[in-house]
Every structure is written in C-alpha cells, then in structure tokens.
1. Would it be correct to say that G267 is out of contact with any Cys (no Cβ under 6 Å at 6 or more places or on another chain), modelled with pLDDT under 95, closer than 19 Å to C111 by Cα and surrounded by 12 or more Cβ atoms within 10 Å (Cβ to Cβ)?
2. Taking L36 as meeting all but one of (1) part of a helix (DSSP H, G or I); (2) within 25 Å of Y212 (Cβ to Cβ), write down the number of the exception.
3. Kindly check whether there is at least one residue in segment 27-39 that is in contact with a His (Cβ under 7 Å, 6 or more places away or on another chain), within 16 Å of ligand 3 (Cβ to nearest atom) and modelled with pLDDT of 95 or more.
4. Any residue at all in segment 110-118 that is surrounded by fewer than 19 Cβ atoms within 10 Å (Cβ to Cβ), out of contact with any Phe, Trp or Tyr (no Cβ under 8 Å at 6 or more places or on another chain) and not acidic (D, E)?
5. Within segment 106-138, how many residues turn out to be under 26 Å from Y65 (Cβ atoms) and in a helix (DSSP H, G or I)?
6. Would you point out which residue out of K63, K42, K82 is closer than 21 Å to G178 by Cα and not hydroxyl-bearing (S, T, Y)?
7. Looking at segment 62-74, is at least one residue crowded, with 24+ Cβ neighbours inside 10 Å, in contact (Cβ under 8 Å) with a residue 12 or more places away in the chain, of a type in the set (V, I, T) and in contact with a Gly (Cβ under 6 Å, 6 or more places away or on another chain)?
8. Six or more apart or on different chains, Cβ atoms under 6 Å: show the pairs whose first residue is in segment 116-144 and within 8 Å of ligand 1 (Cβ to nearest atom) and whose second is of a type in the set (F, W, Y) and part of a loop (DSSP other than H, G, I, E, B).
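The values are calculated or read from the model by the stated rules, or taken from the named source; none is laboratory data. Quantities reported herein were computed from a predicted structural model and do not represent experimental measurements. Because the Cβ atoms are built from the backbone with ideal geometry, glycine has one as well, and the counts that use them run over all protein chains shown.
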Amino acid sequence: MAVETKLKPTDYDSHFPTWCPGCGDYAVLLGLKKALAELGIKPHEVVVVSGIGCSGKLSDYIKAYGFHGIHGRVLPVAQAIKLSNPKLTVIGAGGDGDGFAIGGNHFIHACRRNIDITYIVMDNQIYGLTKGQVSPTSLIGHTTISTPYGVKDSPIDPIMIALSNGATFVARTFSGDGAILPKIFMEGIKHKGFSFIDDISPCVTFNRFNTYEWYREHIEYVDESKGGKRDYNVHDRLEAIDKVKEVKSRGKIPVGIIFIEQGVESGDRHYIKDIAPIDADLTIREDYLEFLKEFE
Ligand SMILES: Cc1ncc(C[n+]2csc(CCOP(=O)(O)OP(=O)(O)O)c2C)c(N)n1
Ligand code: SF4
Ligand SMILES: [Mg+2]
C-alpha cells in the first residue's frame with residue numbers, strides 16, 4: 001500500500017530567487033509554498049501564471065507548472081488554463097503595473113466572470129523591474145524617475161475595483177507580516193470562484209517612500225489576523241465596501257480578508273458552466289478534425 005507523505009514547502013523549491021534582499025516578494029513565494037503544502041496540492045496539480053516584472057519571476061521560483069507570460073496578460077491565460085482543465089489549481093501572480101495598468105481591463109473582467117483562480121498581486125506601488133517608474137497605485141506627490149515633480153493623478157484602489165466589479169473573494173496581505181500570508185492564501189485557493197489578494201510587497205530598492213516602516217504605521221487589520229477585530233459581516237459586499245471606506249477615511253490601509261461571497265461556484269453567473277473541459281468529451285476533438293477537413 002502506498003504511503004501518502006505530508007507535503008512540505010520545500011517540495012516546491014526551484015531556483016533560488018534573484019530578488020533584492022528584503023524584497024516583499026520573498027514572503028509571497030514562501031507563503032504560497034506553505035499554503036499549497038498545507039492544502040496537500042502536489043506540484044504537478046498547480047499552474048502558476050505570471051506577468052512581467054520582478055513579481056512575475058515568481059513562476060520560475062516555484063516547482064509547479066508555470067507560464068511566464070507577457071506584460072499584463074496573466075488573467076486571460078490563467079482563466080483559459082482553468083477552463084481547459086478544471087482539475088488544476090491555477091494561481092495568477094504579478095505586479096501592480098502588470099495587473100492594474102496594462103492588465104487593468106483583464107482584472108475588471110476576471111472579477112465579474114468569477115472563474116475559480118487565485119490572483120495574487122505583489123503591490124509595491126512602483127515599477128520595480130524597470131527601475132522605479134510611477135505605477136497606478138503610487139500615491140499623489142510621490143517623486144519617481146518618471147514623475148520628477150511628483151505624481152499628480154489619484155491612485156486606483158484595487159480592493160474597491162474588485163469589490164465593485166463582483167469579485168467573490170477579496171483580501172489584502174502585508175509581506176511584513178509573512179506568517180499571515182499562508183492562511184489567507186489557503187482561504188483564497190479553497191474559495192470556488194475568483195479570489196483576489198492584493199499583497200503589500202515593499203520594493204526596498206526603488207520605492208524609498210512606501211517602506212516597511214511606513215506600511216506598519218498605516219495598515220489596519222479588519223479581521224482577527226493580527227490584532228484586529230471584525231466588526232462587520234464579511235459576507236455582505238456593501239458592508240465590506242463601507243468598511244474599506246471607513247478605514248481609508250482615517251488615512252489607513254485595510255488589510256485581512258475583506259469579503260467572501262457565500263454559496264458561489266466558479267463561473268456561476270456565466271455561460272462558462274456549460275463549456276465542456278477539453279478532456280471531458282473527446283467528440284469535441286473529432287468534430288474539430290472533421291471541421292479541419294473542409295480546408296484540405
Ligand atoms: C508591453 C510591455 N510594455 C512595457 C514593458 C516594460 N516593463 C517590464 S516590467 C514593467 C513594469 C513592472 O512593474 P510591476 O508590474 O509593478 O512589477 P514589479 O517589477 O514592481 O514587481 C514594464 C513597464 C514590457 N515588458 N512589455
Ligand atoms: S527592484 Fe524592488 S521589486 Fe524588484 S526585486 Fe528589488 S526590491 Fe523587489
Ligand atoms: Mg510593482
């Protein structure tokens with residue numbers, strides 16, 4: 001009889017990362033390995049799809065199937081993989097530039113489609129890989145190499161975008177509190193729909209304004225993860241939106257599990273439920289071959 005051994009985070013070890021020492025992305029990598037091990041999801045059952053940026057290297061640093069895609073296109077690829085083979089656990093990973101600038105439209109549509117993938121954004125409020133340009137989450141006044149007189153535009157709020165466009169699991173983590181990441185990642189992975197996790201992942205090299213210390217002064221847990229207290233119904237979308245507004249009105253950044261829709265299934269509000277997975281019905285392929293004959 002085969003003996004099942006419990007998986008360990010090291011079972012997902014791949015190349016050693018080339019991120020700068022202290023980069024917040026290390027905590028995401030370790031948190032993800034711990035979450036997958038704890039859930040007993042084997043490396044060959046996972047696909048990590050990443051975009052371009054320092055954060056996008058994550059798919060190279062974890063032993064699993066991987067797709068290091070082009071800038072801003074994490075979500076279409078990740079959703080297509082999940083639809084093609086629903087048995088796989090699909091993780092999307094990228095940066096704030098990747099996901100909210102060039103990939104911003106995909107983010108909105110992934111929220112409303114509710115396909116069962118987990119999307120983790122390593123949000124450092126800067127373009128790290130390209131050496132420190134402004135990103136959609138950079139704060140007003142922040143001077144960067146592309147905004148020498150300070151950022152003029154208001155930052156976007158990814159949590160509010162997710163909440164207002166129908167995402168069914170919305171959370172924020174902070175790489176400075178690494179111990180909390182595996183638990184929230186596990187909840188996101190277990191959730192049967194689109195899970196969005198905005199990880200505050202400080203860039204210690206190119207963002208000298210939003211440092212670990214700065215975040216420690218500004219974050220506020222909305223749940224019991226770390227010293228906080230839940231004082232609203234996490235399953236009520238409008239209450240979650242009100243809570244985020246209230247925390248922000250005090251100049252704070254809400255962190256923790258912010259919203260979980262109950263009773264949803266992947267793609268429940270869409271035609272997607274009716275699409276047969278590729279391996280489920282081989283007649284699809286036969287039809288396709290018939291179709292191709294028309295062009296011979
Ligand atoms: C189509 C396209 N435009 C621009 C770039 C250049 N580029 C590479 S990474 C990047 C931004 C990375 O920022 P972010 O997504 O926040 O990731 P980080 O490096 O901060 O983790 C840009 C603009 C590119 N690779 N492809
Ligand atoms: S440049 Fe910034 S985001 Fe990139 S690895 Fe270094 S600390 Fe991390
Ligand atoms: Mg970034």
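1. On the way: out of contact with any Cys (no Cβ under 6 Å at 6 or more places or on another chain): yes; modelled with pLDDT under 95: yes; closer than 19 Å to C111 by Cα: yes; surrounded by 12 or more Cβ atoms within 10 Å (Cβ to Cβ): yes.
Criteria met by G267.
2. Looking at each condition in turn, L36 falls short on (2).
3. Looking through segment 27-39, none of the residues is in contact with a His (Cβ under 7 Å, 6 or more places away or on another chain), within 16 Å of ligand 3 (Cβ to nearest atom) and modelled with pLDDT of 95 or more.
4. Initial filter on segment 110-118 (surrounded by fewer than 19 Cβ atoms within 10 Å (Cβ to Cβ)): 112.
From what's left, out of contact with any Phe, Trp or Tyr (no Cβ under 8 Å at 6 or more places or on another chain): 112.
After this cut, where a residue has to be not acidic (D, E) as well, the list is 112.
Yes, some residue in segment 110-118 is surrounded by fewer than 19 Cβ atoms within 10 Å (Cβ to Cβ), out of contact with any Phe, Trp or Tyr (no Cβ under 8 Å at 6 or more places or on another chain) and not acidic (D, E).
5. The total comes to 6.
6. The conditions single out K63.
7. Yes.
8. From segment 116-144, the pairs are I126/F206; G128/F206.
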